[in-house]
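*Asks:* Encoded as structure tokens, here's the structure I'll be asking about.
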Amino acid sequence: MTAQHVLPGITMRVTRDPASGEQRDALARDWARFFRALSPGGLPWVMLPNVQEDCPALAQNLGVNALVLSGGDDLGVTPERDRTEQALLAWAAARNLPVIGICRGMQMLQHFFGGGLARLAAERHVRARHPIIGRGPQAASETREVNSYHQWGLFPEVLPPQLESLALCAADNSVEALRARNLPWLGLMWHPEREVEAHPADLELFRRHWGLVP
């Protein structure tokens with residue numbers, strides 16, 4: 001897959017207008033900067049609304065052939081988003097499409113395969129930074145520091161058999177990166193898009209996962 005042939009679709013968080021009560025979908029503008037850094041001239045991408053079981057057909061009609069499950073919204077808080085992402089993952093699994101789950105998105109990969117989550121120490125994982133230790137070729141092999149914006153996580157011993165860990169938090173051994181054993185799916189608990197300047201290792205992870213030509 002080259003930059004000319006990959007078209008990622010990215011999921012969005014749910015917001016509610018306090019005055020009207022209208023529900024809306026939203027995405028951090030940081031993603032535009034991150035996608036621009038991935039490929040010379042920028043990488044095209046598509047935002048996917050939380051239209052639940054209708055979303056896979058929309059994604060297919062738009063030519064989407066890769067997915068990013070973005071962060072925000074704890075699982076169970078926005079049922080329409082949960083159903084949208086579960087439908088998209090079933091669609092991606094049937095077509096062997098590459099998926100990258102970010103923070104909540106990685107938690108959704110765990111949930112999709114029947115795994116549970118645990119509440120983590122806020123001082124270590126909520127608006128914090130901490131080192132991780134890579135455990136495989138698709139994660140940083142050396143210790144590096146990442147950002148952290150989540151209160152829920154998981155540990156290696158509760159990973160479903162379909163998943164394996166790639167990096168752990170150096171302080172508490174919670175999983176910071178994982179991949180599916182038999183699908184091209186990758187999960188990261190940190191937010192590559194939130195760094196002021198994209199980390200070269202994060203750009204390499206995305207490029208390698210999507211087969212982008214440098």
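Each value in this text was obtained by applying a stated rule to the coordinates, not by laboratory testing. As the structure is a computational prediction, the values presented were derived from the model and not from experiment. Methodologically, a virtual Cβ is constructed for each residue, glycine included, from the backbone with ideal geometry; neighbour enumeration extends over all protein chains shown.
*Asks:* If the requirement is being in contact (Cβ under 8 Å) with a residue 24 or more places away in the chain, assigned to a loop (DSSP other than H, G, I, E, B) and either hydroxyl-bearing (Ser, Thr, Tyr) or farther than 25 Å from residue 175 by Cβ (or both), which of these qualifies: 18, 44, 56?
*Replies:* Going through 18, 44, 56 in turn, just one is in contact (Cβ under 8 Å) with a residue 24 or more places away in the chain, assigned to a loop (DSSP other than H, G, I, E, B) and either hydroxyl-bearing (Ser, Thr, Tyr) or farther than 25 Å from residue 175 by Cβ (or both): 44.
*Asks:* Would you mind telling me which numbered condition in (1) of a type in the set (Val, Ile, Thr); (2) part of a loop (DSSP other than H, G, I, E, B); (3) closer than 14 Å to residue 91 by Cα residue 68 fails?
*Replies:* Residue 68 satisfies every listed condition except (2).
*Asks:* Considering segment 159-174 alone, what residues qualify as being in contact (Cβ under 8 Å) with a residue 40 or more places away in the chain and outside any loop (DSSP other than H, G, I, E, B)?
*Replies:* Listed by number, the residues that qualify are 163, 169.
*Asks:* Quickly run through segment 36-66 and pick out the residues that are buried (at least 18 other Cβ atoms within 10 Å of the Cβ), touching a strand residue (DSSP E or B) at 6+ places or on another chain (Cβ under 9 Å) and over 17 Å from residue 204 (Cα atoms).
*Replies:* Correct list: 45, 48, 50, 55, 59, 64, 65.
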